[in-house]
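Below is one structure, written out as structure tokens; comments come after it.
The values are calculated or read from the model by the stated rules, or taken from the named source; none is laboratory data. None of the values given here were measured: they were computed from a predicted structure. Virtual Cβ from ideal backbone geometry, glycine too; neighbours counted across all protein chains shown. Note: accessible area is taken over every heavy atom of the protein model, side chains too, but ligands, DNA and RNA are not part of it. Shrake-Rupley method; radii C 1.70, N 1.55, O 1.52, S 1.80 Å.
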Amino acid sequence: MKTAYKFRLYPNKQQEAQLALTLETCRHLWNKALADRKNAWESEGITRSYEDQAALLVFEKQSNPYLNAVHSQVEQDVLRRLQKSFDNFFRRVREGARKKGYPRFKSINRYNSITYPQSGFKLNGSRLILSKISGGIRTFVHRHIVGRIKTCSIKRDKTSAWYVIFATECENPATLQPKTTIGLD
């Protein structure tokens with residue numbers, strides 16, 4: 001059984017600047033990958049897949065110092081999200097949907113989350129330790145996490161508050177049952 005837990009983050013000024021830089025770098029990566037796919041189709045008539053762009057990402061990291069400041073799996077997840085966006089677009093085209101929803105270039109206000117899909121994060125008590133972010137980020141953990149943490153997403157909302165969302169997988173759903181029963185008439 002899959003469950004998500006959302007907790008509030010309280011980064012200090014330096015951590016907040018690093019998180020904002022990571023979001024901005026990922027947004028630029030999204031826009032650049034989308035432009036690459038669009039240009040490849042319009043100029044050469046070829047499609048780029050996630051695998052093609054992930055291979056190009058290795059060479060991009062050598063020339064772009066900002067990409068080195070972001071955990072590699074976060075960058076790969078950006079490309080996976082773009083691939084999923086294109087898959088959904090082509091599915092809607094096949095189904096003949098009225099609104100197709102071609103993937104959009106992201107402005108600064110439209111890209112607000114990053115995901116650590118497998119590694120690069122650790123919850124140590126009430127501190128969240130992220131790869132390439134200095135120190136532990138103070139986290140308000142208000143309930144116990146049941147199951148194994150699979151992914152960690154960092155999100156900034158419109159009020160500039162930061163949140164962490166842990167997606168967990170629990171093999172025994174009986175552990176999620178309430179310990180007390182309540183009867184209502």
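Brief remarks on what is shown
- Here segment 143-179 is the region considered, the condition is being polar (S, T, N, Q) and open to solvent by 100 Å² or more (accessible area, probe 1.4 Å), and the residue that is modelled with the lowest pLDDT is Q177.
- Test: residue in segment 51-72 that is under 19 Å from the mean Cα position of the chain (by Cα) and more than 30 Å from S134 (Cβ to Cβ): yes
- Checking R110 against (1) outside any helix (DSSP H, G or I); (2) at pLDDT below 95; (3) open to solvent by less than 80 Å² (accessible area, probe 1.4 Å), the condition it does not meet: (3)
- Near pairs, Cβ below 9 angstrom, 6+ apart or cross-chain, from segment 1-16 (more than 17 Å from P117 (Cα to Cα)) to any residue that is open to solvent by 30 Å² or more (accessible area, probe 1.4 Å) and in a helix (DSSP H, G or I): M1/P173; M1/L176; P11/A17; P11/Q18
- Filtered by the rule that a residue be of a type outside the set (K, R), in contact (Cβ under 8 Å) with a residue 60 or more places away in the chain and not in a loop (DSSP other than H, G, I, E, B), segment 141-160 gives a lone residue, I154.
- Of note, K132 does not satisfy the criterion of being among the basic types (K, R) and in a strand (DSSP E or B).
- Meets criteria (closer than 17 Å to L19 by Cβ and open to solvent by less than 100 Å² (accessible area, probe 1.4 Å)) for G96: no
- Summed over segment 66-104, residues that are of a type outside the set (D, E) and part of a helix (DSSP H, G or I) total 23.
- Residue count, segment 18-63 (criterion: outside any helix (DSSP H, G or I) and open to solvent by less than 50 Å² (accessible area, probe 1.4 Å)): 2
- Test: residue in segment 68-83 that is of a type in the set (D, E) and either surrounded by 14 or more Cβ atoms within 10 Å (Cβ to Cβ) or in contact with a Phe, Trp or Tyr (Cβ under 7 Å, 6 or more places away or on another chain) (or both): yes
- Pair list, Cβ < 8 Å and 6+ apart or interchain, from segment 85-107 residues that are over 19 Å from N31 (Cα atoms) to residues that are part of a loop (DSSP other than H, G, I, E, B) and of a type outside the set (A, V, I, L, M, F, W, C): R92/K99; R92/K100; R92/G101; V93/K100
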